[in-house]
Amino acid sequence: MSMKPLEHDRRYGELDQVMRAYLGHPADDTPERRSRALDAYLRHTWHTRPAAIAEAERQLREYSRNPPGRLRLGLGEFYAVPDTGMPEPEIGDWLMVLADHLKKSIEEGDVPKPSSPQTHWEWHMRFPETAQLLGGWFSQDIVDEFPDHEAAVSDYAATTDPQLVARLVGELHELLALPLDEGDHALAAAELGLEVAPPEPFSHGAWFQALAMRLSSI
């Protein structure tokens, strides 16, 4: 019998967040150096949920010390660490290295410097409502669902709670305030789910600005 959501979150919720931070990035941490993915997890979590880092450290150690066997994994009673490309016998030691880095970050205040998001996970955690708009309304299916970009934006505004629309406007202003050039804006759009080009004649950055103005007037 698989775990209920509450039990999963109590035992593995923050461990899962750390593992998700590695999506598309190598698990190349060493005892001396954090990986880019772990830096992204720490940078965002220190800023938004600092107390969660200690919980992540505890869950990582507990899982490393008591890894589930194949039978219980098959029954869905335990969290299965996603494939990191690392040999299975080495995963426990790697999780302990991560836990040591989290402990050091807490005890020594060793926090990554603020920066623009550096990983897919960090882009989505920092700009969740922007990802909701771009991934949900501007996928490749847009041509089958809406006549143009403006119709898609109008549909988003009409079907989304006004407080979430306001959150999106704030995220767009934050995104535009980052020291990004047009190539960076295009990368941000792709990371956040945009699968079509901005409407002509806009660049990605100019379109983000136009979206913020359009939605703030609703």
What number, in percent, do you get for the relative contact order of the range 95-177 if the mean sequence gap of Cα pairs under 8 Å and at least 6 apart is divided by its residue count?
-> 25
How many Å² of accessible area per residue for the range 1-159, probe 1.4 Å?
-> 55
Using a ≥ b ≥ c from the Cα gyration tensor of the range 155-204 (square roots of the eigenvalues), is it rounded, prolate or oblate, where a/c under 1.5 gives rounded and otherwise the larger of a/b and b/c decides, a/b for prolate?
-> oblate
If you project the alpha carbons of the range 101-218 onto their three principal axes, what span does each projection cover, largest first, in Å?
-> 54, 30, 24
How far is helix 149-159 tilted off the main Cα axis of the chain, in degrees rounded to 10, range 0 to 90?
-> 60
Label assignment, Rg and Dmax of the Cα atoms in Å derived from the structure, set [x] 20.0, 62; [y] 19.9, 57; [z] 21.5, 89 = [y]
In degrees, nearest 10, range 0 to 90: what is the angle between the Cα axis of helix 36-48 and the longest Cα principal axis of the chain?
-> 70
Under a Cβ-Cβ cut-off of 11 Å, what is the net charge of the residues other than Arg20 that fall near it, where Lys and Arg count +1 and Asp and Glu count -1?
-> -3
Pull up the cross-link candidates among the lysines for Lys4, meaning alpha carbon to alpha carbon under 30 Å and not fewer than 8 places away within one chain.
-> Lys103
With only Lys, Arg, Asp and Glu charged, each at its Cβ (+1 for the first two, -1 for the last two), find how big the charge dipole of the range 129-218 is about the Cα centre; round to the nearest 20 debye.
-> 300
In nanometres, what is the gap between the two model label sites at Thr159 and Glu7, each 7 Å from Cα along Cα-to-Cβ?
-> 3.6
Of the accessible area of the chain, computed with a 1.4 Å probe and all protein chains kept, carbon and sulfur make up a percent value of 53
With each run of n ≥ 4 DSSP H residues scored as -39500 (n - 2.57), what mean residue ellipticity at 222 nm is computed for the chain after dividing by its residue count and rounding to the nearest 500 deg cm²/dmol?
-> -20000 deg cm²/dmol
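The values are calculated or read from the model by the stated rules, or taken from the named source; none is laboratory data. Since we're looking at a predicted model, the values are computed, not measured. Cβ atoms come from the backbone with ideal geometry, glycine included; neighbour counts cover every protein chain shown. Accessible surface is based on the protein model in full, side chains and every heavy atom, while ligands, DNA and RNA are left aside. Shrake-Rupley method; radii C 1.70, N 1.55, O 1.52, S 1.80 Å.
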